[in-house]
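The values are calculated or read from the model by the stated rules, or taken from the named source; none is laboratory data. For clarity, every value in this text was computed on a predicted model and none was experimentally measured. Glycine also receives a Cβ, built like all others from the backbone with ideal geometry; neighbour counts cover every protein chain displayed. Ligands, DNA and RNA are excluded from the accessible area calculation, which covers all protein heavy atoms including side chains. Shrake-Rupley method; radii C 1.70, N 1.55, O 1.52, S 1.80 Å.
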Amino acid sequence: MATVEYDPGPPPAFADKFDALPSYAPFKDHFWFDWGPVFYRGRLDGTAKVLCMASDPGATERIAGRTLVGDAGQRTQGFFAKLGLTRSYLCLNAYSVALIPSHANQGAAVLTDPAHLAWRNSLFDLAKGPHLQAIIGFGVQAQKAVSLWPGRGSVPFIRIPHPSSHDESVLVTKWAQAVTQLRAIVTPDPDGNITLPNYGAKFTEADYRPIPRCDLPFGAPAFLGDDSVGRAAVPRRLTSVSRPSPDDRHTLIWVAPKS
């Protein structure tokens, strides 16, 4: 009988750390504050070989309660696949609450706020397990957060564009270079495949991967973390979750694909 895979949630040390998140209330105008924080996706048991830092959780991530699950997350999962990683990774964010993109400059104050800085660095310290071989900073916000972390030590730090970057040419070029570099650093998982094609001139459907069930809470619908149906639709739909205007601060719309 096959074992049902799902993420049971954080172990006590991480649960306590997440619960101690300093308040975002002083910065609430720059974030989708009322939806609260989303903290991680992946392994919290010390087996992660790669620590992935992104910017902040989006709308799909709020539904999932896990970060990097939507379109950007499925691109990131495809990146992991090219490294031969099927589960030995951990994804965290510079911000635990979703940042409003047009407020990026103002929201950046969280990165250097003393309470948030101390909390974030102590979280990163906790996440730096014995098998860690590389840290990847996806985008400027994540790279800034890692640069402010004294505990990184000598672990190789790879800086590449965020998966939602609008400059596709730069994105695939930098990601292809990082894949080549990381294949020489990171040990693949036993069921991984490092012979997958690297990125070409543009992002294709083959460069995506669905989010593994072991990364999602029990009971998540099958389409959560797999937007391949929407990407193939006309018009193309990159995500099942959206923030409607004008009440984007308090409303999410989640649409299931038709069976």
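A dipole drawn for region 141-204 from +1 and -1 charges on Cβ atoms has a positive end, and of PRO188, SER165, GLY153 the residue lying farthest that way is GLY153.
Taking R0 as 41 Å, what's the FRET efficiency between ALA13 and PHE223 from their Cβ-Cβ distance, rounded to 0.05?
The formula returns an efficiency of 0.80 here.
Close Lys pairs in the chain (alpha-carbon distance under 29 Å; sequence gap of 8 or more, or different chains): 20. Figure legend: label point modelled 7 angstrom from the Cα of ALA109 along Cα→Cβ; residues of region 1-44 with amide N under 16 Å from it are 23-33. Each principal axis of the Cα atoms in region 179-255 has its own extent, and those three values, largest first, are 47, 34, 22 angstrom.
Springs join every pair of Cα atoms under 10 Å in this Gaussian network model of the chain, and among THR187, THR67, THR204 the largest mean-square fluctuation is at THR204. Qualifying trypsin sites (Lys or Arg not before Pro) in region 95-157, where qualification requires a DSSP coil assignment and no more than 13 other C-beta atoms within 10 Å, are lacking entirely. Taken about its Cα centre, the chain carries a charge dipole of about 460 debye when Lys and Arg each add +1 at the Cβ and Asp and Glu each add -1 at the Cβ.
Could you please state how large a percent of the accessible area of the chain is carbon and sulfur, counting protein chains only and using a 1.4 Å probe?
Within the chain, the accessible surface is 58 percent carbon and sulfur.
Using a Gaussian network model of the chain in which every pair of alpha carbons under 10 angstrom is joined by a spring, one finds that among PRO161, PRO188, PRO11 the greatest mean-square fluctuation is at PRO11.
Given the rule -39500 (n - 2.57) for each run of at least 4 DSSP H residues, summed and divided by the residues of the chain, what is its mean residue ellipticity at 222 nm, to the nearest 500 deg cm²/dmol?
-8000 deg cm²/dmol
The candidates ASP189, ASP125, ASP248, arranged from most to least accessible area with a 1.4 Å probe in the full protein assembly, appear as ASP125, ASP248, ASP189. Per residue, the accessible area of region 92-212 comes to 47 Å² when a 1.4 Å probe rolls over the protein heavy atoms.
Region 3-61 and region 65-129 have Cα centres separated by 8 Å. Checking (i) 7, 31, 39, 20, 3, 0; (ii) 8, 34, 37, 17, 3, 0; (iii) 7, 27, 34, 23, 8, 2, 1, 0 against the coordinates, the calculated P(r) over Cα pairs in 10 Å bins from 0, in percent falls under label (i). Pair-distance distribution of region 93-175: all C-alpha pairs, bin width 10 Å, starting at 0; shares per bin in whole percent are 16, 46, 32, 6. With a/c under 1.5 counting as rounded, go ahead and sort region 133-185 into rounded, prolate or oblate using the C-alpha gyration tensor (a ≥ b ≥ c being the square roots of the eigenvalues; past the cut-off, prolate if a/b is larger than b/c, else oblate). Judged from the Cα gyration tensor, region 133-185 comes out oblate (a/c at least 1.5, b/c at or above a/b). To the nearest 10, the accessible area of GLU5 is 100 Å² with a 1.4 Å probe.
What does the C-alpha gyration tensor say about the overall shape of region 100-142? Classify as rounded when a/c is under 1.5, otherwise prolate if a/b is larger than b/c, or oblate. Walk me through the numbers before you get to the answer.
Values: a/c = 4.19, a/b = 1.60, b/c = 2.62.
In terms of gyration-tensor shape, oblate.
Distant-in-sequence amide contacts of ALA98, defined by a placed amide H-H separation under 5 Å and a gap of 5 or more residues or a different chain, comprise TRP32.
If the segment from LEU117 to GLU5 were pulled out straight at 0.36 nm per residue, it would be longer than the present Cα-Cα gap by 36.9 nm. Helices of the chain meeting both criteria, an alpha-carbon length of 18 angstrom or more along the long axis and an average Kyte-Doolittle score not below 0.0, with helices taken as full DSSP H segments, are 114-127, 168-183.
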